[in-house]
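Below: the structure, in structure tokens.
The values are calculated or read from the model by the stated rules, or taken from the named source; none is laboratory data. Remember, predicted model here, so these are calculated numbers, not experimental data. Heads up, the Cβs are rebuilt from the backbone with ideal geometry, glycines too, and the neighbour counts pull from every protein chain shown.
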Amino acid sequence: MFDTFSTRRRIAIPLLSLFFLGAGALAQSIREFDQHFNDPGAEISPWMFVPEDNVKEFSTSEHPGMATIWEAGKGRDVKGILKQPIKIDDFRLPWEFQTSLVQAFDARAGVGAKTQINYAIGLNVAVTFSDPSTWPADRTEQPPDTRSVQLLVAHLGSTGEAGIGLPQYAPYPHPETYMVWGRGDLGHTVMGDWNIPFVWVGDGSIRWGAASDLLYFRCRVVSPTHLQIGIKFAADTGWNMRDIDCSQFGPITGIWEIGPIISGDRWIPDVLCRSIPMLKGPHPLFIGAAGAENFAFNDKTMTAVLNPKPEPPNPRYEYYVDYCVFFGSAPMPFEEYSDDFDILGYMGKWQTQPQGTLADTYNNPGYLTLTVIGTGSGTGFGPVGGSSLDLRHYPPPWEIEMSFIAPDDTIPWNFWMNFVLNDKDGKNRGMWTPGVENFPDQNRHGLYQIAQIRTEFDPPLPESLLAHKPLTMLIQCIDSSHVRLGFKGDPDGLWHLSETYDTQEELGFEIGAFAMHAWSTVTGRTWGARPGGPMYQQFLVDYVHYRYGLTEE
């Protein structure tokens, strides 16, 4: 019955999903603005870096997979911007932009500097509240009623290997400081020091937080009066986000600039360094460093009474941009959840439960590698922001297909979708945990069914199928009260589909939302897993595909 019903609706639903994207998005997708700089020497349109006279050199071949930029020392910021602004009505709201920048080794390590190396890199967003008819043709000019915000990671000083740095701002006995700083004239909630720590290890190295090698920035355009910007320091973690209420300026009419920014003027010495407290002089260990002859050192109190004068950024050092990407934000268009994990390092749509879990897309190219370090835990990965699959936004029928390679079958493992079920009144009515579990002591596999919904297969699934590597799983939402589960081993083989489960008949409710959806695994007795989960067990996820319509047997 339900197979026939779903087949009739298969054509209608994709057309309906286009309606939800908004009229402006029917002509093009905001994802067309994506740029990963993965094609050496290729045109980077629709992106450009301005002002042209302050970009001494730009290369996608110097380090393939990144844009490498040298500024010309003209005393102006360098910005990555789109060649055309984005009108607020161009695309369905909300949408988001993400960019990743890489901190340069030479600048961080003090290579080639006798005193200090100061720089600031991050995210620039400029929005206008003016009539589009007043917008200038020159992209380097700003329309009337334009306001901007920048979220920057600032680096002050040096490691001390080559110079004396700026010890007066350092919280540790090391003349180097990192901070996350918001500036601009849009949103008091993001201005100033975000108080995000970094760690001086004590052996000369500084790590984590704003001192991370890779930096990730995000802007969500939630509505014409509401923005969010934020930062994170690892590809697989969640975001530190802050809200900006723009309503006092009126509705936003356009996003004039959005993209990476490199500080090239005197903002660091003239504004930033005058806005932060001077903490102390250098540690006695650094008094013998090159350039320390300018200090007046008191050997009785073991303090320095003079401090070096902050300098602007040095144009000899290069800057790196990893990517600039756009996609629909929660509630994200259903198909845009899909991912083939085929871009090295990129995990913009996802985040993990960080405790005891590592996730990356570069150790095994073409896969998301999910590594569980072995402690007892309940963990996994899901869409950024923990998006709910609310059936008002995602009308069925739809399905989710996922292919993965499980760990060796000599150890216990489980892998499943963690669905929290809400009824149409928003009340939590339990869970659905479609997935697979391995029982090495019994030399068999079985369905992972610990929740209220327990799908049945007739005939039962053969062991050879559930043991297959890779294994492909299919989760179907037929309508608000009918769901189904499927598996196949051979990518070109047939699906084995379960009996349809009726939540109304079996549990007494219709599904209003899958209030959480996260691909999950558990280890340890606290989480109900079998003993024997070792250190560093890995799952390799080949792809996750979300689509409207239903696949038949």
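Data overview
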{"quantity": "Condition met for GLY380 (more than 24 Å from the chain's Cα centre (by Cα) and on the phi > 0 side of the Ramachandran plot)", "calculated": "no"}
{"quantity": "Residues within region 202-227 that are surrounded by 20 or more Cβ atoms within 10 Å (Cβ to Cβ) and either out of contact with any Ser or Thr (no Cβ under 8 Å at 6 or more places or on another chain) or under 19 Å from VAL149 (Cα atoms) (or both), tallied", "calculated": "10"}
{"quantity": "Test for MET431: is it assigned to a strand (DSSP E or B), over 20 Å from LEU368 (Cα atoms) and under 32 Å from the mean Cα position of the chain (by Cα)", "calculated": "yes"}
{"quantity": "Qualifying residue in region 296-306 (condition: modelled with pLDDT under 95 and within 29 Å of ASP213 (Cβ to Cβ))", "calculated": "no"}
{"quantity": "Of the criteria (1) over 21 Å from the mean Cα position of the chain (by Cα); (2) farther than 14 Å from TYR319 by Cα, which one HIS63 fails", "calculated": "(2)"}
{"quantity": "Pair list, Cβ < 8 Å and 6+ apart or interchain, from region 312-340 residues that are free of Cβ contacts under 8 Å to residues at least 60 places away in the same chain to residues that are assigned to a strand (DSSP E or B)", "calculated": "MET332/PRO383"}
{"quantity": "Of the criteria (1) under 34 Å from the mean Cα position of the chain (by Cα); (2) β-branched (Val, Ile, Thr); (3) within 27 Å of PRO396 (Cα to Cα), which one THR526 fails", "calculated": "(3)"}
{"quantity": "Condition met for GLY163 (touching a Ser or Thr at 6+ places or on another chain (Cβ under 6 Å) and either buried (at least 22 other Cβ atoms within 10 Å of the Cβ) or at pLDDT below 95 (or both))", "calculated": "yes"}
{"quantity": "Residue in region 118-134 that is surrounded by fewer than 22 Cβ atoms within 10 Å (Cβ to Cβ), at pLDDT 95 or above and in a strand (DSSP E or B) present", "calculated": "no"}
{"quantity": "So SER100, is it in contact with a Phe, Trp or Tyr (Cβ under 6 Å, 6 or more places away or on another chain) and either among the hydrophobic types (A, V, I, L, M, F, W, C) or assigned to a strand (DSSP E or B) (or both)", "calculated": "yes"}
{"quantity": "Single match in ALA107, ALA113 (criterion: hydrophobic (A, V, I, L, M, F, W, C) and part of a loop (DSSP other than H, G, I, E, B))", "calculated": "ALA113"}
{"quantity": "Lone unmet requirement of (1) touching a residue at least 40 places away in the same chain (Cβ under 8 Å); (2) more than 21 Å from VAL321 (Cα to Cα); (3) not hydrophobic (A, V, I, L, M, F, W, C) for THR68", "calculated": "(2)"}
{"quantity": "Residues of region 440-466 satisfying the condition of being basic (Lys, Arg) and touching a residue at least 60 places away in the same chain (Cβ under 8 Å)", "calculated": "none"}
{"quantity": "Strands (runs of 3 or more DSSP E) wholly inside region 209-284 that include at least 1 residues being more than 29 Å from ILE69 (Cα to Cα) and among the small types (Gly, Ala, Ser)", "calculated": "214-223"}
{"quantity": "Residue in region 518-553 that is farthest from ASP236 (Cα to Cα), counting only those that are aromatic (Phe, Trp, Tyr) and touching a helix residue (DSSP H, G or I) at 6+ places or on another chain (Cβ under 8 Å)", "calculated": "TYR548"}
{"quantity": "Hits in region 408-432 (condition: buried (at least 21 other Cβ atoms within 10 Å of the Cβ) and more than 14 Å from SER481 (Cα to Cα))", "calculated": "TRP413, ASN414, PHE415, TRP416, MET417, ASN418, PHE419"}
